[in-house]
Amino acid sequence: MTRTHFFTFRMTEKLSFISVFILIFIWISDIQGQCISGNCNNGKGTYKFKDGSIYGGSFVKYFPHGYGKLMYKNGNVYEGEWKRGKKEGRGMLTFAKGNTYRGDFKNDVISGNGSMDYQNGDSYKGSWSANKSNGTGIYKFTNGDRYEGQFVSGFFDGFGIMYKKDGSRYEGHWHKNKKHGDGVLFLVNGNQIAQKFSYNTLLKEEEK
């Protein structure tokens, strides 16, 4: 092999390696997305994911970390605090269907204390875990009624008080949004009626 041929062979080998490297980079970018502006390693930048979602904000070691905004492909938008690529801390999540949550997040889910304004005008403020109302809170209906009490997996569950817009209220036990167990109905005129329910079916009642 002449020197010229050897040089040509080495250059061809080098170019082939570069071409393969470029193809691998393009392939990885196509799978994982790409940084479209700024510093998506350690700094501030804008990153476009493969599914079309776009994140703009702070990065640490390629992870969204600190404060940033993620616009999901499905129309949801989250703006708030991040930790190693997950929603963590305080933030606001606006759903494409019109609901808006403001409050705590942990390990990428709604968890802690926060409020949800629903598209239909209802609202909830209180404790959350696993993206659902869990613990104690207040749910307000657009018609003026209000429930204050315990929640389990998004349902009125446990002890709670339902305040009606007419001034009456019911204090008692609930299960999956239904009156279940003993309770007392307080009428506007001051009368009190002891009641017992089984999944919203009145079993017995007597005036106290």
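Once a ≥ b ≥ c are taken as the square roots of the eigenvalues of the Cα gyration tensor of segment 33-119, is the result rounded (a/c under 1.5), prolate (a/b larger than b/c) or oblate (a/b not larger than b/c)? Don't skip to the end; give the middle numbers.
On the way: a/c = 2.69, a/b = 1.49, b/c = 1.80.
It is oblate, given that a/c is not under 1.5 and a/b is not larger than b/c.
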message = On a straight-distance basis, which aspartates and glutamates could pair with LYS165 in a cross-link, Cα separation under 12 angstrom, same-chain partners fewer than 8 positions away excluded?
response = ASP145
ask   = Tell me, how many Å apart are the Cα centres for segment 38-79 and for segment 194-208?
value = 54
message = Going Cα to Cα from LYS97, which aspartates and glutamates come in below 19 Å? Please leave out same-chain ones fewer than 8 positions away.
response = GLU79, ASP117, ASP122
query = Cross-link list LYS86/LYS132; LYS86/LYS140; LYS44/LYS132: which exceed 20 angstrom alpha carbon to alpha carbon?
reply = LYS86/LYS140; LYS44/LYS132
ask   = What ranking do 108-118, 37-47 get when scored by the average of other Cβ atoms within 10 Å per residue, highest first?
value = 108-118, 37-47
key: Cα-Cα over 32 Å, subset of LYS50/LYS106; LYS176/LYS204; LYS87/LYS179   = LYS87/LYS179
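Can you figure out the FRET efficiency of SER53 with TYR199, using R₀ = 45 Å and their beta-carbon distance, to the nearest 0.05?
On the way: r = 42 Å, r/R0 = 0.93.
Approximately 0.60, to the nearest 0.05.
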ask   = Roughly how many whole Å is it from the C-alpha centroid of segment 83-134 to that of segment 137-181?
value = 20
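Read the figures in this text as sums done on the coordinates, not as results from a lab. Note that the structure is a prediction, hence the values are computed from the model and not measured. When we count neighbours, we look across all protein chains shown, and the Cβ atoms used for this are built from the backbone with ideal geometry, even at glycine.
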